[in-house]
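A short worksheet on the structure shown next.
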Amino acid sequence: MTTTDTPRIVPPVSANPELQALATQFLALEARLLDEGREEEWYGLLDDELLYTVPIRQAAEPRSKEIDRNAFRVRDTKAHVRTRLDRLNTDHAYSEVPPSRTLRIVGSVEVEEIDRPDVIKVSSALLVYRQRGIDPHFDLIPCRRYDQLRLTPSGPRLLSREIVLTETALATPNLGVFL
Amino acid sequence: MTAISPETADAAAILDRVEASLKNDLVPVEIFNDEAVFRAEIEQIFTKCWVFVAHESEIPKAGDFVQRRIGLDPVIVTRDGKGGINVLSNYCRHRGTQVCQTDAGNSRFFKCPYHGWTYSNNGDLVGTPHMHDAYGERLDPKAWGLIRAPRVATRQGFVFASLDPDGPSLDEYLGGAGWMLDLIVGLAPGGMRVAGPPERYRLHADWKTAAENFTGDGYHVDTLHWSTEEVAVSQGLQMTCEIARIYEFENGHAFAGHAWTKAVHPGYVLWGYAPEITQHFNLSGLDEAQLHVVNHEPPTVGTIFPNLSFIRLNTPSVPGGPMSVITSFRQWQPIGPGEIELWNWQFVWDFMSEDEARDSYVNGQFTFGSAGIFEQDDTVAWEGAPRAAQSPWMRKAGMEFHFQQGNNSQVDQSHDPSWTGPGRKRNTGYGEHAQLHFYRHWLNVMRGNTGAGTEGAE
């Protein structure tokens, strides 16, 4: 077996500590803005070409077939996100009246450089604690996110986000919160 | 009448109260979260009615399968090597271990992980490890095959199964709902296909509330969904009941349509589908009543008893954005008292280009998916009924839900005498008639009466 045939055990994570810090800070910032109900400020972090998707996951074999990237719960452009935020701002979007109390834990952040100098790939694990409205219980929404961040003079912007839910059937009744 | 099961006997006192309440257009709260009622529903309804299990487009090729549920029971819906569709119990005949552990796939065989009993995808037992030492001779492949749903039938590619060997055929059972299904998905050769696998989410709701809503509850639209009008995704929601047309059919099925050509403009026929879509339609097989319905008063929502519903509407996903007509079929899967899993499929026309299908799929999910700007509000509004049903105070107070909307209304709610289609039609969404129709049939079936033609007394 030649070295090129050796399975790559270590993913091509960036060794650049500045990029790692940049991405980690960005994810922490957007999580905090969303937890604090500052959606408009979060919206300012979205790239105009944003594509935000939640593909559908099923129990399947082999595992590579679990996620159908032609099937989705959500496939939002920035205009869709704008519509969602405008709706939330009406105060009549009842699934979020009052808004869910959330805590987003972001971890396992990995940064990968690609052949575009202004874009990096960032993978992270996200666990959202959600206590909705007057629910006596809380919901957990576990997922892994595969993002692309565009590096602009005014800071990173979310260019694309694919959210792979851990659950096949959501245990929370709706995706009224951003992941 | 069929025999009353022990579960139904436990619920009998509650059913007596339902019967008395329904005479006054009221529904007692306890049926929305009660262990005995739930067990009786599974026993009386889901093991006796025709239940939707899959669409043929989900299993197009030999060996394709999906795992589904009939009530609480897991079933495997397979396409076998001869092209046949099988609805098989997902319990090994040896010790009950589930032989299929995935939601979907393609396989010729299902092998039990416990002792290795192996079944063909038509359900036959085809392998038992150490056959000579263990059994001496081959076990009968049919007698020891996976237990099959006694009856399986399709309409427009929709696969239904019945666990009752007797009773009406699928077409008899569907009656007017089948007539309606034909014109919803059968307008073009090739019909419709699923846009993707079902999206699943768990709600703290009772399946009947969801089914009832989709029989024709237009009354909630301009309250619960008003935010969509405020952001200009919807227009004219306040007219929802006024322009509604209610179609009630035998066996508890009901649909609500809307008079779009009256409300929008005379040319707004066929749900407002764009010409590039309607050019593929062939309406020559429709009768006069169906032609009138699809052009002028087409079904918007509907429920096929017990738990399959649909919604079709023309919507932009963002204000001013491209319109597309979305078609979602959804199934309210009972999980336990006051708990359901919502299974939501978007459907697209088989002839659609990739872009047209994608647009319709995106708009469908943006409005009626787990993140849908309409649907997410329904998912929480429906949580109230099971909570009230569990309340000792509400039970003590004898709480009944109010379905008396039609009793003193000034709006004419009589049956349309000019209606020539099946069932009956009313030209208003006021009156909660479709919902009462659903609950009256529910009571009949819970009482063990599953024959065709149970319309419920009015």
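The values are calculated or read from the model by the stated rules, or taken from the named source; none is laboratory data. Not measured: the values here are computed from a predicted model. Please note: Cβ atoms are built from the backbone with ideal geometry, for glycine as well, and neighbour counts cover all protein chains shown. Please note that ligands, DNA and RNA were not included when accessible areas were found on the heavy atoms of the full protein model with its side chains. Shrake-Rupley method; radii C 1.70, N 1.55, O 1.52, S 1.80 Å.
Summary of computed values
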item: Point-charge dipole on Cβ atoms (K/R +1, D/E -1) for region B:187-336, about Cα centre, debye to 20; result: 440
item: Taking the C-alpha atoms of the protein assembly as shown, convex hull volume expressed per residue in Å³; result: 185
item: Cα point-scatterer Debye curve for region B:82-155, base-10 log of I(q)/I(0) at q = 0.23, 0.25 Å⁻¹; result: -1.08, -1.24
item: Surface share of carbon and sulfur [accessible, 1.4 angstrom probe, percent] for the protein assembly as shown; result: 52
item: Distance between modelled label sites at B:Q410 and B:Y114, nm, 7 Å Cα→Cβ extension; result: 6.7
item: Reach of B:K262 by Cα under 25 Å, taken over lysines that are not fewer than 8 positions away in the same chain; result: B:K425
item: Accessible heavy-atom area order of B:D222, B:D378, B:D133, highest first, probe of 1.4 Å; result: B:D133, B:D222, B:D378
item: Bridge type composition, region B:229-377 - antiparallel percent by DSSP, nearest 5; result: 100
item: On Cα atoms only, tilt of A:78-88 relative to the major axis of chain A in degrees; result: 30
item: Gyration tensor verdict on region A:77-138 (Cα atoms; rounded if a/c is under 1.5, prolate if a/b is larger than b/c, oblate otherwise); result: oblate
item: Pairs of alpha carbons in chain A whose separation is greater than 20 Å (percent); result: 58
item: Rg(Cα) / (2.2 N^0.38 Å) computed for chain B, rounded to two decimals; result: 1.00
item: Helical mean residue ellipticity (222 nm; -39500 (n - 2.57) per DSSP H run of 4+; nearest 500) of chain B; result: -7000 deg cm²/dmol
item: Whole-number accessible area per residue in Å² for region B:360-458, which is evaluated in the context of all protein chains at 1.4 Å; result: 40
item: Centroid-to-centroid separation of region B:385-420 and region B:77-113 [C-alpha atoms, Å]; result: 43
item: Any cysteine of chain B lacking a neighbouring Cys Cβ under 4.7 Å - listed by number; result: B:C49, B:C100, B:C241
item: Model label zone, A:Y146; criterion: amide N under 18 Å from point 7 Å along Cα-to-beta-carbon; scope region A:161-176; result: A:161-168
item: Long-range tail of P(r) for region B:23-119 (Cα pairs > 18 Å, %); result: 57
item: Summed buried accessible surface, chains B and A, 1.4 Å probe, nearest 100 Å²; result: 3300
item: Calculated over region A:119-179: convex hull of Cα atoms, volume per residue (Å³); result: 93
item: Helix A:17-35 axis, angle to chain A major axis (alpha carbon atoms, nearest 10°); result: 10
item: Mean-position separation - Cα centroids, region A:98-114 and region B:186-261, in angstrom; result: 35
